[in-house]
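The values are calculated or read from the model by the stated rules, or taken from the named source; none is laboratory data. Since the model is a prediction, treat every value here as computed from it, not as a measurement. Please note: Cβ atoms are built from the backbone with ideal geometry, for glycine as well, and neighbour counts cover all protein chains shown.
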Amino acid sequence: MLNQSFLSLGTPALSVSDINRQIKNLLERDPILEDIWVRGEISNLSIPVSGHAYFTLKDAKSSLKCVIWRSNLTAAANSALKNGNDVEAHGKISVYEREGIYQLYADEIRTAGLGKLFEEFLRLKDKLEKEGLFDAERKIKIPEIPQTIGIVTSLTGAALQDMLNTIQKRWPIAPILLSPAAVQGVEAPAALFNAFERLEKEHPDVIIIGRGGGSIEDLWAFNDEFLVRRIAESPVPVISGIGHETDFTLVDFVADLRAPTPTGAAVAATPDIQEIRGYLDALSMQLTNCMRDKIQTNRSDLQLLAHRLELRAPFRQIQQEKQSVDQLQIRLMQCLNHILQQERLRLSAIDQRLAAVNPESVLKRGYALIEKKGKGLVTSAAELMPQDSVRILMADGNVEATIQ
């Protein structure tokens, strides 16, 4: 033992820096440690003014120091970085030589268990948000009194009936242009895109795009990048009503107005006809009362004037003034009637214009609907096969036909 100690006196000692560097080299050459996912609970999170994030990952038995540079702090990472969160961090194990501490240098972090869809949602949201697609300055004001309302949704969902019932109750004079589309599944993004384009060509005053609630997978078609960009380009104001109040999709962010539900979207798109009728009735009554008060005031003034003139006995002048007052009263009543008639004509003209774009009027212009027996309305040529029996619905009747 003494001999070994004596012999070791001739071995040069390594510096602390040399040791730390040697350990660092060993760790960084390990193929497992240079590309690794680590799961644990975040604690001791610190993000100083530099913007880099320092934290510790721990489990029931151990802890590991971690750092993620500011350049890697994506929207998903920022969402996951909370003390107490269970996360998965990707990166490499290396040594901070100055302190002799090994730690995880992370380049990606995600909330454990959320899965790839949510990560993709946050990634795409961050991308489009940076492009300015969700900016408030891009939003178009929703018209207060729409003459035509467009809807993009599924024909089979309860959401459509909810929206139709709400519109019929609140604003029944506005025709509805329906552009049906699949709202979930592989084909849904393209179907929604095409349905939106078809409807936009009809020039409605506002478009509602929506569906009922569901999981993130069910609603995923409304996160399609092409659909979101198409809505952003639209000159027609768009209201989204997708899922429930707690559901959010990228279409909600790009829409000019986001409603919590399909029914809420229908409410947001329409005025209340009862309120408008009440306003017009109140306006009519106000005009009538105004004219009546004016006539009464003039009549009282005339009576006073007539009395004064009578005292001076200018009988002819009194008769002339009475005649003038009578004519004034007639003109005032004519003016009132004219104003009321103009309001009636204006409302009648609105009714006629709205009737002109009624779906039944569209059929009268030569369009037709095709119904496949037992399958409902046909929205795409791909739904038809040779020898299929169909019924063609036209404005003046129906025709049975077979596809050749």
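Table for the structure above
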quantity: Subset of segment 119-150 [more than 22 Å from residue 354 (Cβ to Cβ), surrounded by 13 or more Cβ atoms within 10 Å (Cβ to Cβ) and within 13 Å of the chain's Cα centre (by Cα)]; calculated: 133, 134, 139
quantity: Positions within segment 76-98 being in contact with a helix residue (DSSP H, G or I) (Cβ under 8 Å, 6 or more places away or on another chain), part of a helix (DSSP H, G or I) and buried (at least 20 other Cβ atoms within 10 Å of the Cβ), in sequence order; calculated: 76
quantity: Those residues of segment 35-68 which are outside any strand (DSSP E or B) and more than 16 Å from residue 88 (Cα to Cα), in sequence order; calculated: 47, 48, 49, 50, 51, 52, 61
quantity: Enumerated helices (runs of 4 or more DSSP H) restricted to segment 172-289, each holding at least 3 residues that are farther than 28 Å from residue 119 by Cβ and more than 11 Å from the chain's Cα centre (by Cα); calculated: 188-200, 262-269
quantity: Restricting segment 246-262 to residues that are of a type in the set (S, T, N, Q) and surrounded by 17 or more Cβ atoms within 10 Å (Cβ to Cβ), the residue that is farthest from residue 161 (Cα to Cα); calculated: 249
quantity: Of the criteria (1) touching a residue at least 40 places away in the same chain (Cβ under 8 Å); (2) polar (S, T, N, Q); (3) more than 23 Å from residue 222 (Cα to Cα), which one residue 74 fails; calculated: (3)
quantity: Subset of segment 364-376 (residues that are aliphatic (A, V, I, L, M) and more than 31 Å from the chain's Cα centre (by Cα)); calculated: 368, 370
quantity: Options 243, 214, 185; residue that is of a type outside the set (Ser, Thr, Tyr), at pLDDT below 95 and buried (at least 23 other Cβ atoms within 10 Å of the Cβ); calculated: 243
quantity: Qualifying residue in segment 21-42 (condition: exposed (fewer than 12 other Cβ atoms within 10 Å of the Cβ) and on the phi > 0 side of the Ramachandran plot); calculated: no
quantity: Complete set of residues in segment 33-58 that are touching a strand residue (DSSP E or B) at 6+ places or on another chain (Cβ under 9 Å) and more than 17 Å from residue 87 (Cβ to Cβ); calculated: 33, 34, 35, 48
